[in-house]
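The values are calculated or read from the model by the stated rules, or taken from the named source; none is laboratory data. Quantities reported herein were computed from a predicted structural model and do not represent experimental measurements. A quick note on method: Cβ atoms are made from the backbone with ideal geometry, for glycine too, and the neighbour counts reach across all protein chains shown. Ligands, DNA and RNA are stripped out before the accessible areas are found, and what is left, the full protein with its side chains, is counted by its heavy atoms. Shrake-Rupley method; radii C 1.70, N 1.55, O 1.52, S 1.80 Å.
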Amino acid sequence: MAFVLIILSLVVFAVLAMRESPLWQWGVAAIAIGLVSGLHFPDSGVGYGLGGGSWFLLVVGVVMLVLSIASVRKAVLMTPIYGAVKSILPKVSRTEQEALDAGTVGWDAELFSGRPDWSKLTEVRPLTLTAEEQAFLDNQTNVACSMIDDWDIRNNRADLSPELWQYFKDEGFLGMLIAKEHGGLGFSAQAQSMIVSKIASRSVAAGITVMVPNSLGPGELLEKYGTAEQKEKYLHRLAKGQDVPCFALTGVHSGSDAGGMRDIGVVTKGQWNGEEVLGVKLSFDKRYITLAPIATLVGLAFILKDPDNLLGRGNDIGITLALVPHDHPGLDIGRRHFPARQAFMNGPVRGKDMFVPMDYLIGGTSYAGQGWRMLMECLSTGRAISLPAIGSTSIKQTLRATSAYARVRRQFGIPVGIMEGVAEPLGEMIKRAYTFESARRLTASMVDEGQRPAVIAGLLKYTATEAMRDSMDDAFDIHGGRAIQDGPGNYLFGAYQALPVAITVEGANILTRTLMTFAQGVLRAHPYLLKEVRAAQNKDRKAGLDEFDAAFGGHAKFMLRNVVASFLHGLTNGGFASTPNQGPMAHWYRKLHRYSQAFALTADWTTVFLGGALKRKQKISGRMADILGHLYMMSATLRRFEDEGRLSEDRELVDAIMADRIAQMERTFGEVFANFPNPVFAWAMRVLCFPLGRHAKPASDRVNYRFVRSVLRPGAFRDRLTTGTYVSFDPDDVTGVLEDAFIKVTEAEEIEARFIKAARKGVIERRLDRDAFADAVAAGVLNDNEAGIMRAADEATERVVKVDDFAADELSAPSKHRVAAADQGAKQ
Ligand SMILES: Cc1cc2nc3c(=O)[nH]c(=O)nc-3n(C[C@H](O)[C@H](O)[C@H](O)COP(=O)(O)OP(=O)(O)OC[C@H]3O[C@@H](n4cnc5c(N)ncnc54)[C@H](O)[C@@H]3O)c2cc1C
């Protein structure tokens with residue numbers, strides 16, 4: 001009987017927790033169980049009467065009922081808790097608040113909730129381009145790509161060719177985000193992302209050049225906040241490339257901490273066009289500014305002060321943005337940095353006591369002091385599109401090149417790609433290519449729906465660019481010396497050099513991973529935390545207490561549900577978790593739900609336990625960001641599989657991606673628990689989330705090897721994995737040479753097998769001083785036609801494996817030129 005009652009109580013309390021039931025229902029349940037447990041039927045001998053346990057439940061139930069009366073609860077319980085947590089909860093500064101307000105939450109909040117509403121994933125629009133966008137991608141973008149010679153850009157000119165610059169300007173590449181009514185192309189985020197992707201697959205420098213004006217910069221700021229006159233004056237010119245923009249936020253002393261800038265504007269009166277007008281005297285020292293050396297319109301961020309209260313808003317106005325023409329008196333612009341030896345334009349922008357009239361402020365005086373919010377709003381969308389586009393395209397491009405090379409290049413008589421040691425990194429490249437294209441698409445679609453997914457943007461930026469670094473390393477390892485010898489024929493080196501650029505810009509990755517994604521993201525995406533923080537910071541104590549009471553109550557129910565649901569999903573390995581459909585991926589959706597539940601509990605406890613210290617406990621918050629990253633990548637991968645019609649050819653790959661991500665996630669959970677500052681909490685989280693332990697296994701070697709064999713031949717699988725990259729079949733093109741050889745070698749496969757057999761038997765011999773194919777014909781191994789096919793494949797292979805060499809003075813010439821330029825700079 002006692003055992004039955006204990007089980008009954010647990011079931012009832014579990015149901016209440018799972019339903020996030022209100023306090024009075026808990027009270028009623030406790031009293032009911034207390035009474036039932038106290039029943040005693042002397043005739044039948046059943047029951048014991050009211051014992052200690054029954055009384056306990058009765059008392060707890062009554063207390064709960066009393067506390068469910070709001071006025072009593074607030075007076076007795078919430079007031080002391082409210083006072084205590086005010087000092088524990090993280091403080092939100094004004095800049096943080098503006099950053100928080102600038103973004104929206106969507107699928108990320110579902111993952112934080114532990115009980116995802118699948119419609120937030122399944123109803124995001126699929127990849128859609130208008131006919132005009134598709135035509136631009138197929139025509140103008142391909143033409144631009146065919147004009148790109150990356151070696152010429154990065155080695156000879158340290159700039160794009162004049163023809164390419166002109167083409168970009170004439171065709172509107174620099175004004176893709178500007179609305180049609182202002183002369184721009186008015187393209188969607190998806191289209192911009194795909195156009196930048198294709199160009200970057202040809203040259204990262206060219207990709208960045210197109211990306212920047214379409215990301216955070218004057219165009220977007222003017223579109224959103226510009227006055228009518230500013231829009232009229234600049235947007236048309238920007239859209240047509242008559243003005244080239246840059247945006248200067250980063251200062252010498254303010255990199256990641258952009259809000260801590262020392263660049264100052266002081267409201268004052270000054271002379272402008274022969275009249276005395278109200279304006280701003282600016283002193284600034286900006287650096288790393290992309291496009292600055294050739295920009296004609298400079299966006300500037302600075303802190304505005306008004307010591308004489310000329311605007312009537314006190315001394316501290318706050319971060320403010322202005323637009324200044326490049327030839328404005330006092331603007332020092334034109335010098336170049338040389339970032340990672342990449343050729344895109346980048347340089348410093350300086351000014352001292354430079355006077356600008358008030359109408360240079362973006363949005364005019366009414367937007368003075370709103371700069372941080374304006375930047376954050378633009379950055380959260382820009383970051384979601386631009387760097388993920390560069391990252392995913394680089395991952396796809398390196399796979400396309402490496403798969404062809406690994407098939408064409410032979411050592412020990414076989415293609416290097418079929419050797420298991422090579423197949424291992426190639427398999428990882430395949431999985432990254434599918435996953436990050438999935439995430440790129442999904443995120444761009446979210447932006448097109450009007451979301452400003454700040455947490456996802458940060459997460460995707462760092463994961464995509466880190467995955468790009470991994471894929472590039474793998475590509476280099478597989479290519480061996482062919483990748484390392486730079487020259488006009490090296491199709492990897494430019495992108496390799498550019499890796500640190502993508503990792504540093506738009507929020508350096510360490511910061512993005514360890515601070516922004518989780519430590520700041522949890523405030524946005526947690527269902528109750530921000531409400532509690534806001535309530536704790538409310539200056540009106542009574543209103544704050546009311547808000548806190550509501551948020552805290554919700555949070556307590558959320559915690560109880562997390563405890564029960566995590567444990568049950570852990571026990572059943574997600575077997576009863578939800579899924580949006582019963583298709584072939586239903587079990588992975590269930591797993592995604594199960595692990596998001598474990599994440600919700602761990603995220604919640606981590607935040608509650610660490611409070612404001614979370615921003616310093618970056619190893620924990622970085623790992624939590626990684627777990628969120630795995631959950632997001634799994635979501636995006638499943639979504640792509642559905643969107644592409646559940647292709648049976650991709651099923652095993654998606655299964656492998658899911659298995660790998662879960663195994664990595666379990667490892668990372670383990671690291672969070674092992675390093676959690678409080679061992680009791682760590683133990684409880686481990687038991688609740690993984691009651692049966694962590695046993696997930698990644699995809700097997702055998703399965704991985706099968707994907708590799710599939711990309712070692714031309715076909716739809718390889719094309720799908722590398723979709724959106726620029727592909728040439730021209731043997732004289734830097735990457736076309738690979739595709740050409742790949743096809744010819746594949747076509748010659750059967751004949752080649754016979755040829756190799758004969759060579760092994762010693763019938764023919766491959767030597768530089770003999771024509772082995774003529775020998776093979778003479779020996780009756782091949783006929784003339786077969787020898788022709790083999791010769792074509794062999795010549796194509798020769799072109800692929802060849803590397804560049806130079807006359808000694810060819811290499812010293814450019815460096816002499818650089819030394820001269822540096823000398824001249826030093827004299828100035
Ligand atoms: C090629 C290039 C182009 C750029 N283009 C522009 C542009 O057009 N306009 C513009 O305004 N800016 C631009 N930037 C600036 C870029 O956004 C900054 O470089 C970036 O914000 C990092 O600043 P920093 O390089 O000074 O690094 P620092 O801020 O000095 O950071 C050093 C290291 O410390 C880490 N770190 C800093 N704070 C924290 C923290 N709280 N927690 C954990 N880690 C932290 C960083 O992640 C980094 O690893 C560009 C930069 C480059 C390299």
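Odds and ends about this structure:
- The one condition in (1) at pLDDT below 90; (2) open to solvent by 60 Å² or more (accessible area, probe 1.4 Å) that Val59 fails to fulfil: (1)
- When Tyr496, Tyr491 are screened for being among the aromatic types (Phe, Trp, Tyr), more than 27 Å from Ser596 (Cα to Cα) and within 16 Å of the ligand (Cβ to nearest atom), only Tyr496 passes.
- Residue list for the range 253-281, restricted to those being among the hydrophobic types (A, V, I, L, M, F, W, C) and out of contact with any Gly (no Cβ under 6 Å at 6 or more places or on another chain): Ala258, Ile264, Val266, Val267, Trp272, Val277, Leu278
- All positions within the range 96-108 that are open to solvent by less than 30 Å² (accessible area, probe 1.4 Å), at pLDDT below 95 and hydrophobic (A, V, I, L, M, F, W, C): Ala99, Leu100, Ala102
- Looking across Gly334, Gly270, Gly274, one residue alone is within 16 Å of the ligand (Cβ to nearest atom) and surrounded by fewer than 17 Cβ atoms within 10 Å (Cβ to Cβ). It is Gly334.
- Whichever residue in the range 540-561 is without any contact (Cβ under 8 Å) to a residue 12 or more places away in the chain and farther than 22 Å from Arg19 by Cα and, among such residues, is least open to solvent (accessible area, probe 1.4 Å): Ala543
- Here the condition is being closer than 26 Å to Arg154 by Cα, in contact (Cβ under 8 Å) with a residue 40 or more places away in the chain and of a type in the set (Gly, Ala, Ser); of Ala340, Ala406, it holds for Ala340 alone.
- Hits in the range 633-659 - residues which are of a type in the set (Gly, Ala, Ser) and surrounded by fewer than 21 Cβ atoms within 10 Å (Cβ to Cβ): Gly645, Ser648, Ala659
- Residue within the range 147-161 that is open to solvent by less than 50 Å² (accessible area, probe 1.4 Å), at pLDDT 90 or above and under 30 Å from Gly27 (Cβ atoms) present: no
- Flag for Val356 being in contact with a strand residue (DSSP E or B) (Cβ under 9 Å, 6 or more places away or on another chain), in contact (Cβ under 8 Å) with a residue 60 or more places away in the chain, open to solvent by less than 10 Å² (accessible area, probe 1.4 Å) and not small (Gly, Ala, Ser): yes
- Residue check for Asn573: more than 16 Å from the ligand (Cβ to nearest atom) and touching a residue at least 24 places away in the same chain (Cβ under 8 Å): yes
- Pairs linking a residue in the range 509-535 that is open to solvent by less than 10 Å² (accessible area, probe 1.4 Å) and aromatic (Phe, Trp, Tyr) to a residue that is part of a helix (DSSP H, G or I) and at pLDDT 90 or above, with Cβ atoms under 6 Å and 6 or more positions apart or on different chains, are Phe518/Ser621; Phe518/Met624; Phe518/Ala625.
- Filter result (over 27 Å from Met665 (Cβ atoms), outside any helix (DSSP H, G or I) and of a type in the set (A, V, I, L, M, F, W, C)) within the range 694-724: Leu712
- Listed by first and then second residue, the pairs linking a residue in the range 196-221 that is within 15 Å of Leu249 (Cα to Cα) to a residue that is among the polar types (S, T, N, Q) and within 14 Å of the ligand (Cβ to nearest atom), with Cβ atoms under 6 Å apart and 6 or more places separating them unless they lie on different chains, are Val212/Thr290; Ser215/Ser386.
- Residue within the range 443-461 that is open to solvent by 10 Å² or more (accessible area, probe 1.4 Å) and under 11 Å from the mean Cα position of the chain (by Cα) present: yes
- The residue that is most open to solvent (accessible area, probe 1.4 Å), counting only those in the range 195-252 that are within 13 Å of the ligand (Cβ to nearest atom) and among the β-branched types (Val, Ile, Thr), is Val252.
- The set of residues in the range 792-828 that are part of a helix (DSSP H, G or I), modelled with pLDDT of 95 or more and open to solvent by 60 Å² or more (accessible area, probe 1.4 Å) comprises Glu795, Glu798, Arg799.
- Here Leu300, Leu291 are screened, and the one residue that is on the phi > 0 side of the Ramachandran plot, surrounded by 15 or more Cβ atoms within 10 Å (Cβ to Cβ) and within 10 Å of the ligand (Cβ to nearest atom) is Leu291.
- Subset of the range 562-586 [closer than 22 Å to Lys531 by Cβ and open to solvent by less than 10 Å² (accessible area, probe 1.4 Å)]: Asn562, Ala565
- Unmet criterion (only one of (1) buried (at least 23 other Cβ atoms within 10 Å of the Cβ); (2) over 22 Å from the mean Cα position of the chain (by Cα)) for Ser621: (2)
- When Asp486 is tested against (1) away from the ligand (no atom under 14 Å from the Cβ); (2) under 18 Å from Leu111 (Cβ atoms), just one condition goes unmet, and that condition is (2).
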